[in-house]
Amino acid sequence: MLGLLVQAGYSVDANEELADYVIVNTCSFIGDARKESVRTLVELAEADKKIIISGCLAQHFQEQLLEEIPEAVAVVGTGDYQKIVEIVEKVEQGERVKAISAEPTYIADEHTPRYRTTTEGVAYLRVAEGCDYRCAFCIIPHLRGNQRSRPIESIVAEARQLAAQGVKEIILISQITTNYGLDLYGEPKLDELLRALGQVDVPWIRIHYAYPTGLTPKVIKAIQETPNVLPYLDLPLQHSHSEILKAMNRPWQGQVNDVIIEKIQNAIPNAILRTTFIVGFPGETSEHFNHLLSFVQRHEFDHVGVFTFSPEEETPAYKMPHQVPAKVMDERRNLLMQTQQPISAKKNQASIGKTVEVLIEQENPETGELIGRSARFAPEVDGLVYVKGEAPLGVIVPVTITAADVYDLYGEVV
Ligand code: SF4
């Protein structure tokens, strides 16, 4: 949206006080995200701003938002971002616009102008949008539609543009990146995509959301044989117990077990494994939860994120019996996090004394301290590397790690 608006001659600013229109691109995935979106909208409405609400919350609650927020001048659905210029033009003529496609089908391509808001060296690259699965807790397919992948050539062309702009890390995103290409080519083509991206002059390519069963021998080989693809795997496992995975209606539910995790660990011994779990899914007993605890202890993932179950209307899990009380969910979340902390700390400590590549992203203006990330850490979800010494922003430099805590590393430029 920003890219299209800039191309059409509008100026863009992160400071809403300077703006005639504030676009709030919202999330509506779980209760907490929705609350944050609504809080932002209320604050802006109180400041008397003209608000354009886009994204999942708009897709979900279109009428309600227009009714309850008089300051909302437009709602833009998840398949309608490409109409933003036309929407702003209509709004300027005094119209109140509702642009929501019932079945979102749009996906940007390499010709869509971009205006990046990430740090200089990093760019997200969407390879597919939507999801064909129907997990019992998840509202994403309802909000984003079925999977639609971009052709390999389109993704590579955009990656080349980003590389030419000096981007050092490209993060491939979609709902399940291991399913990339299935809708377009009749079979997943992540291996071919990775090999094609291996030809692009960008040092780090990170894959987000790899389903373990999608890590086929072909994909594992492509990761191993493509030097710029980081051996970083973000596996959204959600649970370990087969009964809960079945109740969650997870794809390939019976196959998330020790065998598959060990297979991945053996195939890519240097893999950095991140995963996320949901605790307190309806029907989760202490036995199910203990199964998850020992699974986490056994496999020693590098990074673990834990969510408490969030009941979403319009999903089957919303009405399932045996909902777990919030207090129990919180206790389980805390216990799982506490179990993981010494493991994460141990993994981080293993970096002490090593020299690793760090992408420098920020500089503390007061202390001059640099902040970046090593390949172990994905932006926003994992830790940071605090670096002493001098290095330009947006560049990968060698850093010797001198200290570590649970989440972050500390080091000096070599
Ligand atoms: S795989 Fe399941 S959790 Fe992930 S986006 Fe699809 S429906 Fe949602």
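Table: residues versus (1) farther than 19 Å from ILE107 by Cβ; (2) not in a helix (DSSP H, G or I).
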site: GLY3; (1), (2): no, no
site: ASP32; (1), (2): yes, no
site: GLN59; (1), (2): no, no
site: GLN64; (1), (2): yes, no
site: VAL75; (1), (2): yes, yes
site: THR78; (1), (2): no, yes
site: LYS83; (1), (2): no, no
site: ILE87; (1), (2): no, no
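Among the residues of the stretch 87-134, those identified as modelled with pLDDT of 95 or more, out of contact with any helix residue (DSSP H, G or I) (no Cβ under 7 Å at 6 or more places or on another chain) and within 15 Å of the ligand (Cβ to nearest atom) are ARG126, ALA128. From the list ILE176, ILE171, the lone residue that is within 23 Å of the chain's Cα centre (by Cα), at negative phi, among the β-branched types (Val, Ile, Thr) and within 15 Å of the ligand (Cβ to nearest atom) is ILE176.
Comparison of VAL122, VAL127 shows that the only residue that is of a type in the set (Val, Ile, Thr), touching a residue at least 40 places away in the same chain (Cβ under 8 Å) and under 30 Å from ASN249 (Cα atoms) is VAL127.
Of the residues making up the stretch 91-111, just one is part of a helix (DSSP H, G or I) and either in the same structural domain as ALA159 (by TED's automatic domain parsing) or in contact (Cβ under 8 Å) with a residue 12 or more places away in the chain (or both), namely VAL91.
Go through the stretch 225-255 and report how many residues are of a type in the set (Gly, Ala, Ser), in contact with a Gly (Cβ under 8 Å, 6 or more places away or on another chain) and buried (at least 19 other Cβ atoms within 10 Å of the Cβ). Working first, answer last.
Applying the first criterion (of a type in the set (Gly, Ala, Ser)) to the stretch 225-255 yields 240, 242, 247, 254.
This time we only want the ones that are in contact with a Gly (Cβ under 8 Å, 6 or more places away or on another chain), so: 242, 247.
Those still in the list that are buried (at least 19 other Cβ atoms within 10 Å of the Cβ) too: 247.
Of the residues in that region, 1 qualify.
Whether any residue in the stretch 66-74 is out of contact with any Leu (no Cβ under 6 Å at 6 or more places or on another chain), crowded, with 22+ Cβ neighbours inside 10 Å and outside the structural domain of PHE281 (by TED's automatic domain parsing) is what I want to check. Yes, because at least one residue in the stretch 66-74 is out of contact with any Leu (no Cβ under 6 Å at 6 or more places or on another chain), crowded, with 22+ Cβ neighbours inside 10 Å and outside the structural domain of PHE281 (by TED's automatic domain parsing).
Before we move on, is ALA403 assigned to a strand (DSSP E or B), out of contact with any helix residue (DSSP H, G or I) (no Cβ under 8 Å at 6 or more places or on another chain), in contact (Cβ under 8 Å) with a residue 40 or more places away in the chain and among the small types (Gly, Ala, Ser)? In short, yes. Based on what the data block shows, is LYS354 surrounded by fewer than 13 Cβ atoms within 10 Å (Cβ to Cβ) and of a type in the set (Lys, Arg)? Criteria met by LYS354.
Would you check which residues across the stretch 212-254 are more than 14 Å from the ligand (Cβ to nearest atom) and more than 15 Å from LEU190 (Cα to Cα) and list them? Those that are more than 14 Å from the ligand (Cβ to nearest atom) and more than 15 Å from LEU190 (Cα to Cα): PRO227, SER240, HIS241, SER242, GLU243, GLY254.
Can you name the helices (runs of 4 or more DSSP H) wholly within the stretch 138-186 that have at least 1 residues being under 25 Å from TRP204 (Cα atoms) and in the same structural domain as PRO203 (by TED's automatic domain parsing)?
On the way: elements: 140-144, 152-164, 182-185.
The qualifying helices (runs of 4 or more DSSP H) are 152-164, 182-185.
Annotation note: Cβ proximity below 6 Å between a residue of the stretch 250-278 that is closer than 21 Å to GLY305 by Cα and a residue that is among the hydrophobic types (A, V, I, L, M, F, W, C) and away from the ligand (no atom under 16 Å from the Cβ) (sequence gap 6+ or interchain) occurs for LEU273/PHE301; THR275/PHE301; THR275/VAL304.
The values are calculated or read from the model by the stated rules, or taken from the named source; none is laboratory data. Only a predicted model underlies this, so the values are computations on that prediction, with no experimental measurement involved. Methodologically, a virtual Cβ is constructed for each residue, glycine included, from the backbone with ideal geometry; neighbour enumeration extends over all protein chains shown.
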